[in-house]
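The values are calculated or read from the model by the stated rules, or taken from the named source; none is laboratory data. Please read these numbers as outputs of a predicted model, since none were measured by experiment. A quick note on method: Cβ atoms are made from the backbone with ideal geometry, for glycine too, and the neighbour counts reach across all protein chains shown.
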Amino acid sequence: MKKLVILISGRGSNMEAIVRASIPDAMIAAVIANKPTAAGLDFARAQGIEAQVVDHTGYANRDAFDEALAAAIDRHEPDLVVLAGFMRVLGDDFVRRYEGRMINIHPSLLPSFPGLHTHRKAIEAGVRLHGATVHFVTPTLDCGPIIAQTAVAVSADDSEASLAEKVLAQEHIIYPQAVRWFVEGRLRVDGNRVTVTDARLPCEGWIVPLPDA
Ligand code: GRF
């Protein structure tokens, strides 16, 4: 059994997708939020999952917050830390502590559009394909080895909101899938390249859905 700790900051729909996937041999030990108002905490509690808040506003600086967060995580001795819409930048020491066992989902086809407002940036850049990326977390923001990506077509009439909705629906598919691969011990990292052993998908590590009609 692999233990997971999921970090959220708000809605928590990716966390919910991972919980609902009921991944065999995965146990969600805790959901931790940096905001007491994070809506996802209610879902976690309703599922009987330990839901905890480490409020970043209660700490003098990032190091103090990172330390408190690490203590809250380590109490559960997780095999994997899953960032699911966790909106705090984490310090290098924190990231190194969980190297190789902390993953994130980012709403763009990295390395395009790291940081915030990815859907707006995609529309402004005029790209035809946009999407989401699951990656291992390294000290450089939104830059770690890529585990899986999903692509959606950008329509001429897409708004930031419509694009966000399309991408989010795909996030809910690839994130549980990537977690499952990790839990099954099927991810191999070699520098920036991640391979998935025995992937049953047509393209290893990729899920490219058909564009919307
Ligand atoms: C998602 O789009 C995720 O890619 C990004 O923040 C959003 C979080 O949504 N990092 P939710 O909290 O999982 O619903």
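Numbers at a glance
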{"read-out": "Criterion violated by THR57 - all others in (1) crowded, with 16+ Cβ neighbours inside 10 Å; (2) more than 16 Å from the ligand (Cβ to nearest atom); (3) of a type in the set (Ser, Thr, Tyr) satisfied", "value": "(1)"}
{"read-out": "PHE65 vs. criteria within 22 Å of TYR98 (Cα to Cα) and buried (at least 16 other Cβ atoms within 10 Å of the Cβ)", "value": "yes"}
{"read-out": "Qualifying positions in the range 18-28 - under 15 Å from the mean Cα position of the chain (by Cα) and surrounded by 20 or more Cβ atoms within 10 Å (Cβ to Cβ)", "value": "ILE18, VAL19, ILE28"}
{"read-out": "Filter pass, ARG88 being out of contact with any Gly (no Cβ under 6 Å at 6 or more places or on another chain) and within 15 Å of the ligand (Cβ to nearest atom)", "value": "yes"}
{"read-out": "Entirely in the range 1-109, the strands (runs of 3 or more DSSP E) that have 2 or more residues that are under 20 Å from VAL137 (Cβ atoms)", "value": "2-8, 26-33, 80-83, 102-106"}
{"read-out": "Filtered residues of the range 24-64 (kept if touching a strand residue (DSSP E or B) at 6+ places or on another chain (Cβ under 6 Å) and more than 19 Å from VAL82 (Cβ to Cβ))", "value": "PRO36"}
{"read-out": "Long-range neighbours under 6 Å by Cβ, at least six apart or interchain, first residue more than 13 Å from ASP158 (Cα to Cα) within the range 119-140, second buried (at least 17 other Cβ atoms within 10 Å of the Cβ) and of a type in the set (Gly, Ala, Ser)", "value": "GLY131/ALA151; VAL134/ALA148; VAL134/ALA178; HIS135/GLY144; PHE136/GLY144; VAL137/GLY144; THR138/GLY144"}
{"read-out": "Top-ranked residue of the range 166-213 - restricted to ones that are at pLDDT below 95 and hydroxyl-bearing (Ser, Thr, Tyr), ranked as surrounded by the fewest Cβ atoms within 10 Å (Cβ to Cβ)", "value": "THR197"}
{"read-out": "Positions within the range 121-165 being modelled with pLDDT of 95 or more, within 11 Å of the ligand (Cβ to nearest atom) and of a type in the set (D, E, K, R), in sequence order", "value": "GLU165"}
{"read-out": "Tally of residues being among the acidic types (Asp, Glu) and touching a residue at least 24 places away in the same chain (Cβ under 8 Å) across the range 71-86", "value": "2"}
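A quick yes/no check of all residues on (1) in the same structural domain as PRO145 (by TED's automatic domain parsing); (2) of a type in the set (A, V, I, L, M):
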{"residue": "VAL89", "(1), (2)": "no, yes"}
{"residue": "PHE94", "(1), (2)": "no, no"}
{"residue": "LYS121", "(1), (2)": "yes, no"}
{"residue": "ARG128", "(1), (2)": "yes, no"}
